[in-house]
Structures are given as structure tokens and as C-alpha cells.
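Beneath this line is the structure, given in C-alpha cells, with notes to follow.
Here, each number is a calculation from the coordinates, and none is a lab measurement. As the structure is a prediction and not an experimental result, all values here were calculated from the model. As a convention, Cβ positions derive from the backbone with ideal geometry for all residues, glycine included, and neighbour counts pool all protein chains shown.
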Amino acid sequence: VNGDITSDADGTDSIGSTGVRFLKGWFDSVAVTGDVAASTGIFTSTVDVPNVRAAKVTIADDAVYSFLPVALEGYIVISMGGAAQAAGITFRNSAQSTTKNWGGGFFEVAVGALVGTTGSDAKVTVSIASADNKIYIENRVGSTQDFTFAIIAGDI
């Protein structure tokens, strides 16, 4: 996630540019890891707020990125920079389900672990696996891509 941390008139803080806000709310604690540019207030890498995670990752073609979400149910908004595509996906590990609620044609959903060539060619597959409780993002679009995602997890 690249963006400014700004204080708003209502006493909340926002992370992201004024055009696209990734997070808005009252943050009791925010842990920022990665590079922080002191002169601009712009950060790159991962922001962890209780039950919220935002990150930017680069995934090679026919490769997969996986991570443990902060809870086993939630919502992920993901964008792929090179093709200006995005999707919103609900995941429920307890029910072994992923649902694409909206988004571009590049994105599809699945359940189970992904290995880099599991999903359809020319697509990005997002999956949750009960075996290791991880969310998987698999890039099969034909080139290395940058992905930005924000996840809100908890009981839904």
C-alpha cells in the first residue's frame, strides 16, 4: 500500500491517497513494517491493524503468494497493477468457500492450496485452504504483476 497517513476533520486517520482510501478509522495501534520515507510520509510494505491487513506483493507468472489471515473469515479487496483490475472476495475457511462479490474478469476463486499452475491460465486465482488456513493468490496472467490487497477479517 502506498499512501499518506492523514488526520481527518472527524478525528479519524486515513491510510491511502485522497483518491483511494485503504483504511479509515480510529487506530489504537498501528504497526508499520517496511520502508518509511520521512520526507513524504509515504510507506511501502505491510500495515497491521487488529483484524485488518494491507500489503503490496509482487508475484511472478505461474507463482503463488500465501499468508495467514488474522481470522478465518473475512473480506479481501485485491488489485492487480499492470492490468488495472480489481476484485472483492468473501472468504470463509470454516465453510471452505470463497465468493467473488465483484471484480474484473482476470480474477477467479477456488478452495484449497494453490501451487502456481492450479488455476486457469491467463487468470489470477484467490483461494483459502483449510489444511493450513492460508489465503493463496496465484498469478497466471502471463507476466510478473504487482498486487495490492486489503483484508478485513473476523466473524461475518
Check your understanding: Which residues in the range 134-151 place their backbone N less than 20 Å from a point set 7 Å from the Cα of Thr58 along the Cα-to-Cβ direction?
Key -> 137-150
Exercise for review: Using packing as a proxy for protection, rank 123-129, 87-93 so that the peptide with the highest average count of other Cβ atoms within 10 Å comes first.
Suggested key: 123-129, 87-93
Practice item. Could you pull the Cα extents of the range 59-103 along its three principal axes, largest to smallest, in whole Å? Key: 32, 22, 17
